[in-house]
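What follows is a short report on a single structure.
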Amino acid sequence: MTSPQEELLPGTRRALLHRIAVAQSEGRAPSLVAAVVRGGRMVWSGARTSVAGEVPDGDVQYRIGSITKTFTAVLVLRLRDEGLLDLADPLEKHLPGTGVGEVTLLDLLAHRAGLAAETPGPWWERTPGSLRPQLADVLGERPLVHPVGRRFHYSNPGYALLGALVEKLRGAPWEKVLRREVLEPLGLHRTTVDPVAPHAGGWAVHPWADVMRPEPLENLGVMAPAGQLWSTTDDLARFAAFLAAGDDRVLSAESVREMRTPAAPAEAADVADGYAYGLGLELRHQHGRALVGHTGSLPGFLACLTMGLADDVSAVVLANCTSGPAPFTVAADLVRIVAEAEPCLPAPWRPLREAGSAVLDLVGQWYWGTYAFGLRLSADGLLALEALSGKGRRSRFRLDGDGGWVGLEGYYAGEVLTPVRRPDGTVSHLDLGSFVFTRQPYEEGAPVPGGVDAEGWRGIL
């Protein structure tokens, strides 16, 4: 995966190296490795370490914790795309006897099932999975702590249930299904359930002294689908490219786009922090840009994969310490450095090959009441509605088979924009979910709800 470092300018590469050097030093991490992806390829990688002469590279494994959840979500979406399940299905339909069968698969993927955040008993991340051999052991006697579907509440046991679902429908262990259906097709040969040399050791650094001790490395058992995996910056760079564009051997571009769409009710604190959750992916805002990916941590390790899709820049950060550098903050900074220093060049403008008069009749200025809007036909064949004041509802629309245009985003997502024509074929007005758009504000003769005052426009009497 590694590409020539010269793909980024020397000043950009220096800024990236400086950022991870500060993170490793101030975060007191035994080692920290990072990579940047652009155009589907790794364009930079770097590492800092406390051990002279032993700088880790893109082939050294680190534990990635909850980034594992994204891999598990991909497996569930594959099952959906094959028609073996619907995300609206209750868990009981496919995995009976859990005691929480009323939760839907979508609830589990989006952390809105109301399940507890952690397992009962000793901390599952630092104890062997043999202490929790069954799903009942990770759910406990009180698995639900919130009403189902009402709020976002991150749940590790929820992803253990999804892993068990994959095993039930595939008839094979989760790790074997993952390797066969995701890791091998994408070439992620250094992503494994158990560590394979070369790999970093996990360390706890004393909070008040520059000393450290090793953390235990446990197999998580049935909790593995929530956080078991080990990986490398090279492999996660490939995985980031997949999550940005899809790969029909694994999951289509449409399905990975669905993973990146918010699916959980946001809490007030999450809204303030610019945080939302899709299907196995975290959605955040940092430095004024939208970022999608996942963070991960297990005792001894910190990890982050994040993607700035608008800038076509993704970053991976891995460290081998329990606490220290904030991996999301570092990864977001790497995205920002590249996006600001070397912004993407826009694609060349190209005209449509053809556009019929029936569509051209729709473009231009329209009014909803006294609000002015512009309707534009773009080279991708979509209609784009924008408020001319700069404030107001906006959406793009795709032509459907019945002559209407279906909204793709925002308030009008799923709503139909219908051109209404006069007997002579000219456009009278647009109907958008009962909203009437006319060529003039409150145009006489148009079916404006509430009617139009016959005395017309006038000043104050």
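For the range 121-172, give me each residue that is farther than 24 Å from residue 88 by Cα, assigned to a loop (DSSP other than H, G, I, E, B) and in contact with a helix residue (DSSP H, G or I) (Cβ under 8 Å, 6 or more places away or on another chain). Within the range 121-172, 121, 122, 128, 132, 133, 134 meet the criteria. Residues that are aliphatic (A, V, I, L, M), over 28 Å from residue 453 (Cα atoms) and crowded, with 16+ Cβ neighbours inside 10 Å within the range 378-407 comprise 383, 384, 406, listed in sequence order.
As a summary of the residue check, residue 196 satisfies the conditions (1) part of a loop (DSSP other than H, G, I, E, B); (2) within 30 Å of residue 114 (Cα to Cα); (3) at pLDDT 95 or above except for the one numbered (2). Within the set 340, 415, the sole residue that is within 27 Å of the chain's Cα centre (by Cα), more than 30 Å from residue 286 (Cβ to Cβ) and among the charged types (D, E, K, R) turns out to be 415.
For the range 13-56, which residues satisfy the criterion of being small (Gly, Ala, Ser) and in contact (Cβ under 8 Å) with a residue 40 or more places away in the chain?
Passing the criteria: 15, 23, 27, 29, 31, 34, 35, 39, 40, 45.
Go through the residues of the range 5-12 one by one and say whether even a single one is touching a helix residue (DSSP H, G or I) at 6+ places or on another chain (Cβ under 9 Å), touching a residue at least 40 places away in the same chain (Cβ under 8 Å) and not in a helix (DSSP H, G or I). Within the range 5-12, one or more residues are touching a helix residue (DSSP H, G or I) at 6+ places or on another chain (Cβ under 9 Å), touching a residue at least 40 places away in the same chain (Cβ under 8 Å) and not in a helix (DSSP H, G or I).
Within the range 81-120, being assigned to a helix (DSSP H, G or I) and either of a type in the set (S, T, N, Q) or free of Cβ contacts under 8 Å to residues at least 60 places away in the same chain (or both) holds for 92, 93, 107, 108.
When residues of the range 355-393 are filtered for being of a type in the set (A, V, I, L, M, F, W, C) and part of a helix (DSSP H, G or I), how many remain?
So in the range 355-393, the residues of a type in the set (A, V, I, L, M, F, W, C) come out as 355, 358-360, 362-363, 366, 368, 372-373, 375, 377, 379, 382-385, 387-388.
Keeping just the survivors that are part of a helix (DSSP H, G or I) gives 358-360.
Number of matching residues: 3.
Taken together, 332, 341 contain a single residue that is under 22 Å from residue 291 (Cα atoms), modelled with pLDDT of 95 or more, surrounded by fewer than 16 Cβ atoms within 10 Å (Cβ to Cβ) and of a type outside the set (Ser, Thr, Tyr), which is 341. Scanning the range 138-173 for residues that are of a type outside the set (A, V, I, L, M), surrounded by fewer than 22 Cβ atoms within 10 Å (Cβ to Cβ) and within 23 Å of residue 75 (Cβ to Cβ) yields 149, 152, 153, 154, 167, 168, 170, 171, 173.
The values are calculated or read from the model by the stated rules, or taken from the named source; none is laboratory data. Please read all numbers here as calculations on a predicted model, not as lab measurements. Neighbour counts run over all protein chains shown; Cβ positions are idealised from the backbone, glycine included.
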